[in-house]
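Novice: My questions all concern the structure below.
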Amino acid sequence: MAWDHPVDILVTFDHDADSAAIQSETAIRRGPSYRSQGAFGAKVGVGRVLDLLAAKGLSATFFVPGWVAEVWPDSVRAIAGQGHELALHGYLHEYATAMVDESQERMVLARAIDALTSLVGPGIAGFRPPGSLYSESTVELLREFGFLYGSAMQDDDRAYLHPAASGRPLVEIPCHWHLCDDLFGWHSDIRMTPAQVEETWLTELDEIGRYPGRLFVLTLHPHQIAHPGRLAMLERVLDRAADLGGRFRTCEQVATEVLAQSSH
């Protein structure tokens, strides 16, 4: 089969490591065993993911919490060393919707920026909030801090500019839950097999080219997708996207193009 229209394929990773596990600890889910499922991403998962991307000649976008840059710097340097885009993913995987007010969100965002740029330098263009959840203040804060794009909304499957009467333009790169490896579940809450996830993603991939200007945005996590059966499944999905003529892009590349088109 062939698409009616070309599709941009964005392979994105939220490199949470164990930050999300620490953020969600409860009386039951606590301690090194619980956190180790996330640490797998930094210790093992990133390397496997980078090997796959290198074998395919693909560039990806990695959203990294500032805390992960501090605690697992070698994994972040490895990503940067292979030329992939690095973007921000909060500090300790804090949910913006759970913060007290805008000032707290601004403080956390500033700390996260400092942590990541201290490791890899300036030039971070994008932000995906933990949980893919904006607060009512997030978009304006991203403008305030000079980001090019955010990635959290689910109201379209093309990139677009956030509406604004004035101020710095901000591109949105939507990401959808059905294209996220959270479909597998988390810890003991396993919901779908690799075969079921593969069917879900391939069905969407095969049909999205019916519509012009669309994005196929995979949201992946090294601590989830890099287990062998899941990684093999991802490779098959990437191969299908290539066979269909998908244009593999980073989020920054797409956002830059949207911004350029809006200025004409």
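The values are calculated or read from the model by the stated rules, or taken from the named source; none is laboratory data. Please read all numbers here as calculations on a predicted model, not as lab measurements. For neighbour counting, all protein chains shown are included, and Cβ atoms are generated from backbone atoms with ideal geometry for every residue, glycine included.
Novice: Of all residues in segment 83-136, which are within 20 Å of Gln253 (Cβ to Cβ) and surrounded by fewer than 15 Cβ atoms within 10 Å (Cβ to Cβ)?
Specialist: Those that are within 20 Å of Gln253 (Cβ to Cβ) and surrounded by fewer than 15 Cβ atoms within 10 Å (Cβ to Cβ): Gly83, Gly121, Pro122, Gly123.
Novice: Shifting gears a bit: I'd like to know if segment 45-56 contains one or more residues that are more than 18 Å from Pro130 (Cβ to Cβ), surrounded by fewer than 22 Cβ atoms within 10 Å (Cβ to Cβ) and within 16 Å of the chain's Cα centre (by Cα).
Specialist: yes
Novice: Please specify each residue of segment 107-145 satisfying the condition of being over 16 Å from the mean Cα position of the chain (by Cα), outside any helix (DSSP H, G or I) and within 25 Å of Gly81 (Cβ to Cβ).
Specialist: Result: Gly121, Pro122, Gly123.
To keep it simple, each residue is scored yes or no on (1) modelled with pLDDT under 95; (2) of a type in the set (A, V, I, L, M, F, W, C); (3) farther than 23 Å from Phe184 by Cα.
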site	(1), (2), (3)
Val7	no, yes, yes
Tyr34	yes, no, no
Val49	no, yes, no
Gly81	no, no, yes
Ala110	no, yes, yes
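Novice: On the basis of being in contact with a strand residue (DSSP E or B) (Cβ under 9 Å, 6 or more places away or on another chain), more than 19 Å from Val7 (Cβ to Cβ) and in contact (Cβ under 8 Å) with a residue 40 or more places away in the chain, does Leu231 make the cut?
Specialist: When the stated conditions are applied, Leu231 does not pass them.
Quick grid of which residues meet (1) surrounded by 21 or more Cβ atoms within 10 Å (Cβ to Cβ); (2) out of contact with any helix residue (DSSP H, G or I) (no Cβ under 9 Å at 6 or more places or on another chain):
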{"residue": "Ser151", "(1), (2)": "yes, no"}
{"residue": "Asp155", "(1), (2)": "no, yes"}
{"residue": "Thr203", "(1), (2)": "no, yes"}
{"residue": "Leu231", "(1), (2)": "no, no"}
{"residue": "Ala242", "(1), (2)": "no, no"}
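Novice: Just wondering, is there one or more residues in segment 186-195 that are under 24 Å from Arg236 (Cα atoms), modelled with pLDDT of 95 or more, basic (Lys, Arg) and outside any strand (DSSP E or B)?
Specialist: no
Novice: Among the residues of segment 1-47, what is the count of those that are more than 14 Å from Leu92 (Cα to Cα) and outside any loop (DSSP other than H, G, I, E, B)?
Specialist: So the answer is 19.
Novice: Restricting to segment 206-216, give me the number of residues that are touching a helix residue (DSSP H, G or I) at 6+ places or on another chain (Cβ under 6 Å) and not in a loop (DSSP other than H, G, I, E, B).
Specialist: Count: 1.
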